[in-house]
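Okay, so here's the structure we're looking at.
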Amino acid sequence: MTSPYKIIAIIGAGPAGLMAAEALAQGGADVTVYDAMPSAGRKFLMAGRGGLNLTHSEALPQFLARYREAMPHLNASIEAFPPQALRDWSEALGLETFVGSSGRVFPKAFKASPLLRAWLRRLDSLGVKLALRHRWTGWDEQGRLRFQTPDGPQFIETGATGLGSDGAWAETLAAKGVQISPLRPANSGFTVAWSEIFRDRFEGQPLKGVALAFGAHSVRGEAVVTRTGIEGGAVYALSAELREAIVRSGQVTLHVALRPDLDMKGLIAKVSAPKGKQSLSNFLRKTVGLSPVAIGLLQEAAKTSGTSLASLSPPDLASLINTVPIGLTGIAPIARAISTAGGIAFSEIDADFMLRRLPGVFAAGEMLDWEAPTGGYLLQASFATGAAAGRGALKWLNS
Ligand SMILES: Cc1cc2nc3c(=O)[nH]c(=O)nc-3n(C[C@H](O)[C@H](O)[C@H](O)COP(=O)(O)OP(=O)(O)OC[C@H]3O[C@@H](n4cnc5c(N)ncnc54)[C@H](O)[C@@H]3O)c2cc1C
């Protein structure tokens, strides 16, 4: 089909950008998606590594509440493209989905790669072009998009531009007067000054079935010891509160319950059992059911407070087991985070996701100022805002 419009440029071949491209191409626009990387959807593929959690099956009001302060700004786009629509979309691409025991929705294939392949084929059949290794660096004096490519700079005149990129664009837009809240890691890990012995021995090991507590918040799940700190599902679930506290006061203490299923009385009874000839580690492993990394964590905490585990009374040992303090010294870098908080303020965009200061320029996905926990909420909002920005751009082109 010959398009009545000039090229529509989408920057960023992630879920948001590709969804905008799909909506625009279905409306007859001539779309090119530019991405700085040599292939499309890299983060989407990363998201698929541990099982692609596309969305969540809970009721829509509950679902929308996960976006906290950003909820009023995301409602309309998610209601227009709700979790069921995302599941139907995946199924239309040949990838059936299922609801896991936690209510999370996954493709049956579990991975992102077959879905991405089918999606790129569909976009290709709609006439969408991909221009990879094209890093957008801003606009020139004539308002054309400027790209860095392996063949040197390129300038492209467009009818509309969709931004679904990440990170480095913030300065470019801020220079145009667009208000950007500082980008910060979300669903991220944190740094901990582990001792060398602990780090060398336990790096990469999971603390399973623990409960993490910070202030009034407590989460059950898994945490993983890393070389520089701690990450994993339960840590991500507390990461917004932990991050804000670290920004305020530099350092915070996270408490871990290693046996959250046991109350104090039960734990004291267990640690008071006769040890016989067993080492303390063997005793804690066999009688209390602690893993080597959990015991290492107890030893680390005792050392930090200037004592040894062996010198603790049964009530003190029991209390330590269910409130092990871990000093978090900082936030893991944004590049390691699952998502970002901060971005383009919602006051800067209209109901169609167009930047008020830059007519014809639309923004979607993680570059907008929202954050959400893991559980499929990140992809759902990226897809839904991408689709809304695409529809918005079509409306603008038609008007
Ligand atoms: C390890 C991991 C696991 C995850 N698991 C899940 C999960 O199970 N469920 C879930 O809901 N979410 C998950 N996420 C989050 C999810 O992947 C993101 O929320 C989603 O990819 C955001 O989509 P987006 O299109 O806004 O941005 P992105 O996917 O980051 O896409 C942005 C694109 O823009 C390109 N780009 C950036 N700057 C430029 C530039 N200047 N010029 C040209 N191109 C540029 C990038 O190369 C990239 O391709 C996970 C993330 C990670 C890292």
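The values are calculated or read from the model by the stated rules, or taken from the named source; none is laboratory data. Note that the structure is a prediction, hence the values are computed from the model and not measured. Virtual Cβ from ideal backbone geometry, glycine too; neighbours counted across all protein chains shown. The accessibility values were calculated without ligands, DNA or RNA, using every heavy atom of the protein model including side chains. Shrake-Rupley method; radii C 1.70, N 1.55, O 1.52, S 1.80 Å.
Tell me, Kirkwood radius of region 213-357 from alpha-carbon pair distances, in Å?
The answer is 17.6 Å.
Determine ³J(HN,Hα), in whole Hz, for all residues of region 227-237 in sequence, where each value follows from phi through the Karplus function 6.51 cos²θ - 1.76 cosθ + 1.60 and θ = phi - 60°; x replaces Gly and Pro.
Residue by residue, region 227-237 yields 4, 10, x, 8, 8, x, x, 5, 5, 4, 5 Hz.
How big is the dipole moment of region 271-367 about its Cα centre under a simple scheme where the beta carbon of each Lys and Arg is +1, that of each Asp and Glu is -1, and everything else is neutral? Debye, nearest 20, please.
The calculation lands at about 680 debye.
Can you list the residues, at least 5 places off or on another chain, whose amide H is less than 5 Å from the amide H of Ile331, using H built in the peptide plane?
Thr191
Label Lys277 and His217 with points 7 Å out from Cα along Cα→Cβ: what is the distance between them in nm?
It works out to 4.9 nm between the two label points.
At 1.4 Å probe size, with the rest of the protein present, what percent of the exposed accessible area of the chain is carbon and sulfur atoms?
C and S fraction of accessible area: 53 percent.
Using a Gaussian network model on the chain with a 10 Å cutoff between Cα atoms, which of Ala335, Ala109, Ala59 fluctuates the most?
Ala59
Enter the accessible area per residue of region 328-399 (Å², integer; probe 1.4 Å; all protein chains in place).
33
Using a 10 angstrom cutoff on alpha carbons, build the Gaussian network for the chain and name the most mobile of Phe81, Phe44, Phe98.
Phe98
Ordering Trp194, Trp139 from largest to smallest accessible area (1.4 angstrom probe), what's the sequence?
These residues rank, largest area first, as Trp139, Trp194.
Describe numerically, in nm with one decimal, the distance between label points set 7 Å from Cα along Cα→Cβ at Glu244 and at Phe155.
4.6
Sort region 1-133 into rounded, prolate or oblate with this rule: let a ≥ b ≥ c be the square roots of the eigenvalues of the Cα gyration tensor; rounded if a/c is under 1.5, and if a/c is not under 1.5, prolate when a/b is larger than b/c, oblate otherwise.
It is prolate, given that a/c is not under 1.5 and a/b is the larger ratio.
Angle check, please: helix 292-304 long axis (alpha carbons) against the longest principal axis of the chain (alpha carbons), in degrees 0 to 90, nearest 10.
So the helix axis and the longest Cα principal axis differ by about 80 degrees.
Averaged per residue, what accessible area in Å² does region 141-252 show with a 1.4 Å probe, protein chains only?
Per-residue value: 50 Å².
Restricting the count to DSSP beta bridges whose residues both fall in the chain, what percent are antiparallel, rounded to a multiple of 5?
Bridges in the chain that DSSP calls antiparallel: roughly 75 percent.
Considering only Phe155, Trp194, Ile321, whose Cα is most displaced toward the positive end of the charge dipole of the chain, charges sitting on Cβ of Lys, Arg (+1) and Asp, Glu (-1)?
Looking along the dipole axis, the top candidate is Ile321.
Compute the long axis of helix 83-92 from its Cα atoms, compare it with the longest principal axis of the Cα atoms of the chain, and write down the angle in degrees, 0 to 90, nearest 10.
The answer is roughly 70 degrees.
Tell me, what is the per residue accessible area of region 253-295 in Å², probe radius 1.4 Å?
Accessible area per residue: 52 Å².
Kirkwood hydrodynamic radius (Cα pairs, Å) of region 326-399?
Answer for region 326-399: a Kirkwood hydrodynamic radius of 13.7 Å.
Work out how much length Ala310 to Glu69 would gain on full extension: take 0.36 nm times their residue separation and subtract the Cα-Cα distance, in nm to one decimal.
Result: 82.0 nm gained on full extension.
For the chain, state the semi-axes of the equivalent ellipsoid (square roots of 5 times the eigenvalues of the alpha-carbon gyration tensor), sorted largest first and rounded to whole angstrom.
Largest first, the chain gives 47, 21, 18 Å.
Could you order Met367, Met71, Met46 by accessible surface area, starting with the largest, using a probe radius of 1.4 Å?
Final ranking, largest accessible area leading: Met46, Met71, Met367.
May I ask you to evaluate 6.51 cos²θ - 1.76 cosθ + 1.60, the Karplus curve with θ = phi - 60°, for each residue of region 276-291 and list the ³J(HN,Hα) values in order in whole Hz, giving x for glycine and proline?
Values per residue, Gly and Pro as x: x, 9, 5, 6, 4, 4, 4, 4, 5, 5, 7, 7, 9, x, 8, 7 Hz.
Within region 299-399, which trypsin sites (Lys or Arg not before Pro) sit in a loop by DSSP and count at most 14 neighbouring Cβ atoms inside 10 Å?
Listed in order of number, the matching sites are Arg356, Arg357.
Run the reach check for Lys176 against aspartates and glutamates, Cα to Cα strictly under 20 Å, same-chain hits fewer than 8 apart removed. What comes back?
Cα-Cα hits under 20 Å: Asp140, Glu141, Glu157, Asp166, Glu348, Asp350, Asp352, Glu366, Asp369.
Would you please report the Å³ per residue occupied by the convex hull of the alpha carbon atoms in region 75-208?
Per-residue hull volume (Cα only) is 248 Å³.
Skipping prolines and chain starts, which residues have an amide H placed within reach, meaning under 5 Å, of the one on Leu130, given they are 5 or more residues away or on another chain?
Val33
Please list the non-local residues whose amide H lies under 5 Å from the amide H of Val210, H modeled 1.01 Å from N, same-chain partners needing a gap of 5 or more.
Placed amide hydrogens put Gly221, Ala223 under 5 Å from Val210.
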